[in-house]
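Report on the structure given below.
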Amino acid sequence: DEDPLGVLLKQGPMASSSVTRIDGRDRPQPEDLLKGPKNAAPAAPTSTTPRSEQQEYASMERDVALFFADRPINAQPPLQRPKVSEMPENEETIKILMNDGRYRLAIRVANLLLDTTDIKEIETRSRLRGHLASSFFRLGEFKQAKELLNSSRNDTSSRDLDPFNTQLLRCELAHYLGDNDETVRALCQLSERTAHQKTGENEENQRRTRVISGKIVDYLVLGGKLELALGMLHEGYSENKTSEPDPQKTLKESKIYFKMGQLEKAREALESYSKLKFADQDQVIILRSMLLAAEDKFKESMEILTPLIEKTNYQAVDAVNNFSVCALYTNQIDTAIKSLEEAIRSNPFIALNMTLVRNLVALYDLCTMSDEKAVMRKIVDRYAPDGVSEECRRLGLW
C-alpha cells in the first residue's frame, strides 16, 4: 500500500500560502549535493562540442561520485554488481537479478532459458514464465505480463500447475489494468480452489489461504470498500484457532481504521498489535507517527521518528519519507530535503522507491533546484530498481 503520508507534495503544504517559493539564489545554504570534498577538482570547462557516449558516462560517474563524497555507502548488494556475462544462465540467476531490481536483465536470461531446447519439463517452463511475467509486472508493463500468462496455457493443461505466486499474479493483474472488482473475484475463486486442493501439506494450504485472504482485504481497501474489507478481515482470519491474535490481522485492522478516519480505533488496534510476540516495533513507531500527523501534530510525529531514523542509519525509508513530509508541513524545507538525501546516501538500493523519489523531486521543483534534480535522475538510472526508472519516465518526472 502506498503510504498515506507519502503523497505528492503539491497536495497540501505546497499549495498553502504559508510556504513561500524559494529560488536557488535566495535559498538558505543547505548541504550542497554537488559540492563534494573541499579538495575536489574544479569542474571541467564547458564546451559546445557534442560529447561522446564515453564522455557522457564519465560525467555521470563524476556527478554521482560527488553526491556520495561525504558519506561512504554501506550497502548490500555492493556497488560493483556482477556482470551478467559472468553469471551462469540458470533460474537462480534470474531470482538474484529480480531481487536486485534488474528486471530487464532477468527477462533476458529467462528468455534465453525458455529458448533452450532441453527445457521440456512443464513445471520448469511454468516457473520461468512466472519469472518473466513478474518482471514485466514490476516494470509496469501489465498488458505484456497478462499476454505472457495467457500464452502459458499452451504449456500447461491446468492453471493449478502454475506456482502459487504466479496464480496470485494472474489475479492481481486485473487491478492494474483497471478492474479492481475482477481482481477481488479472481482471488475469491483462487481461495476456494486452494481450500479444496489436496497437496498433502495441510499447513501449507492454510498459509496460502491466509495470504489470499490478506490480498482480498488489500484490494478491497484499494477499491475504497473499507467496511467490506474490515468484515472480510475478521472473516478471513476467524479460522485461526491459535491462542494469540494473528499479528497481520491486527495490523491491517489498525490501517483500515486509519483510512476510515477512526483514529481512536486505529490507535487501539495498533497498541494491541504492539503487545504481540511477533510485532514489528519499527512499524509500530511509523504508524504512531502517522496517527499523530493525522491530528496535525507534526512536530510530535517527527520526534518519535527521529530515534528510529538514527538507529537504522536512514534505512527505514517509510520513516524517512514520513519525517520529510512532516518537516514540510512545519515549513522546514531544508530539513525535509536533507533527510531524503541522507537516506539515498546511506543506501541507494533500499531508499530509491517511487514515494521517496517523487517527494524529493517535488521538493527540488518547489525550490527550483534544477542541478540537484539532474543529478537525482542520474542516481535513479544507476541505482534504482528498473521499475522505478521506468515509472519516472512514464510520469514525466524529469
Surpassing 31 Å at the alpha-carbon level, of the pairs K255/K277; K95/K275; K275/K299; K95/K225; K215/K275, are K95/K275; K95/K225
Along Cα→Cβ, 7 Å out, is where each label goes; now give me the distance between the ones at E227 and K311 in nm to one decimal. 3.9
Between L114 and D280, the two model label points (7 Å from Cα along the beta-carbon direction) sit apart by a distance in nm of 3.2
At a 1.4 Å probe, what is the % contribution of carbon and sulfur to the accessible area of the range 241-398? 48
Taking R0 as 22 Å, what FRET efficiency do you get between M260 and E192 from their Cβ-Cβ distance, rounded to the nearest 0.05? 0.20
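The values are calculated or read from the model by the stated rules, or taken from the named source; none is laboratory data. It should be emphasised that the depicted structure is a prediction, and the values quoted were computed from it without experimental measurement. All Cβ positions, glycine included, derive from the backbone under ideal geometry; neighbour counts span all protein chains shown. Calculation scope for accessible area: heavy atoms of the full protein, side chains included, ligands and nucleic acids excluded. Shrake-Rupley method; radii C 1.70, N 1.55, O 1.52, S 1.80 Å.
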